[in-house]
Amino acid sequence: MRQVAEFFDHDSYFTPETRGIARAGYFGLCAFLDAQVGRALAALDSSGQAGDTLVLLTSDHGEMLGQRAIWGKSAMYEASAKVPLIISGPGIGEARRDHPVSLIDLAPTLCQAAGLETPFAGFSGSSLLDPPAPDRTVISEYHDGGSPVGITMVRWGQWKYVHYAESHPPELFDLAADPEEKHDLAYARSEIVAEARRRMAEFLDPEEVNARAHADQARLVGQLGGREKLLAVPQWNFTPADSR
């Protein structure tokens, strides 16, 4: 994550005053969104459709907001990787689930709500309308700008394991005891790291995926005119990552 922060280097352009302004602006956007959700819910209620409408609120990523000198997403810390996911509607109730879920659960959830079969063979998502599976594993991946290698996060129970390809040191956090992710336990809890890697292998081989991602980036760089041409493009952050 240090390399991601250094690549984008947003934090060094802030002062204590402008950091406060940026955070206030972000929270203002959140308040604005909340107000629009309130308008939509009020319209459902006033039209008599609230009782038979499933409402789902989520986001594709969180926001580091300057934590650990990182702004935006691109990190596997909870502020970035954990997103809101609220479902309301007939039969949902008020229960809160504490086990990990994933955005890939949305497709089977919506299909089930509409009375349809999930049209994806071998899809690993699970409907959130069903009882939660015990000890479930979910993953997240990053192969984008700022990171020289692929990053894979594995979450189950209280544990979060972050794997960096090409032999970069991994990270392990006990989110129940350390919700702010300040204490890396990767070297102290080798048995949990081994379990995390076993779970990760059920989904993917991170080294193989990393190699494919780099090969695809190299192919795209060639199609777009080569590395030097891309480095000369003013919109540098829209070109494929290449730190080598």
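Whose amide H sits under 5 Å from the amide H of Gly157, counting only residues 5 or more places off or on another chain, with H placed in the peptide plane?
Arg136
Hey, any idea what the orientation-averaged projected area of the convex hull of region 37-140's Cα atoms comes to, in nm²?
On the way: hull surface 33.8 nm².
Dividing the Cα hull surface by four gives the mean projection, 8.4 nm².
Do you know the Lys pair count in the chain for C-alpha distances under 20 Å, with sequence separation 8 or more or different chains?
Lysine pair count for the chain: 6.
Per DSSP H run of at least 4 residues, take -39500 (n - 2.57); add these up for the chain, divide by its residues and hand me the 222 nm value, nearest 500 deg cm²/dmol.
After summing the helix terms and dividing by the residues of the chain, the value is -11000 deg cm²/dmol.
Put one equal scatterer on each alpha carbon of the chain, apply the Debye formula with no solvent term, and list log10 I(q)/I(0) at q = 0.07, 0.08 1/Å to two decimals.
So the normalised log intensities are -0.31, -0.40.
Which whole-percent values make up P(r) of region 92-153 when all C-alpha to C-alpha distances are grouped in 10 Å steps starting at zero?
Per 10 Å bin, starting at zero, the Cα-Cα P(r) for region 92-153 comes out as 19, 41, 27, 12, 1 percent.
How long are the semi-axes of the equivalent ellipsoid of region 137-238, taking √(5λ) for every eigenvalue λ of the Cα gyration tensor, in whole Å from largest down? It would help to have the intermediate numbers written out before the result.
Working: eigenvalues 207, 45, 22 Å².
Working through the eigenvalues yields semi-axes of 32, 15, 10 Å.
Cβ neighbours within 10 Å, averaged per peptide: list 184-196, 221-233 in order, most packed at the top.
184-196, 221-233
Can you give me the Kirkwood hydrodynamic radius for region 8-47, using every pair of distinct Cα atoms, in Å to one decimal?
12.3 Å
Could you compute the net charge surrounding His168? Neighbours are other residues with a C-beta less than 12 Å from the C-beta of His168; K and R count +1, D and E count -1. Please list the in-between numbers first.
Details: positive: Arg2; negative: Glu166, Glu171, Glu207.
Net charge around His168: -2.
Within the chain, which complete DSSP H helices have Cα atoms spanning at least 30 Å along the helix axis and a mean Kyte-Doolittle hydropathy of -0.5 or higher?
16-46
Give me P(r) over region 1-88, computed from all C-alpha to C-alpha distances, binned every 10 Å, as integer percentages.
The percentages, shortest bin first, are 15, 35, 26, 16, 8, 0.
What is the sum of charges around Ser102, taking Lys and Arg as +1, Asp and Glu as -1, for the other residues whose C-beta is under 10 Å from the C-beta of Ser102? Kindly include the intermediate steps, with their values, before the conclusion.
Numbers: positive: Arg136, Arg155; negative: Asp105.
Local charge sum for Ser102: +1.
Within the set of other residues whose C-beta is less than 11 Å from the C-beta of Ala211, count the net charge using Lys and Arg as +1 and Asp and Glu as -1.
Net local charge, Ala211 excluded: -4.
Bear in mind these aren't lab numbers, they're just calculated from the coordinates by the rules spelled out. Keep in mind it's a predicted model, so treat the numbers as computed, not measured. All Cβ positions, glycine included, derive from the backbone under ideal geometry; neighbour counts span all protein chains shown.
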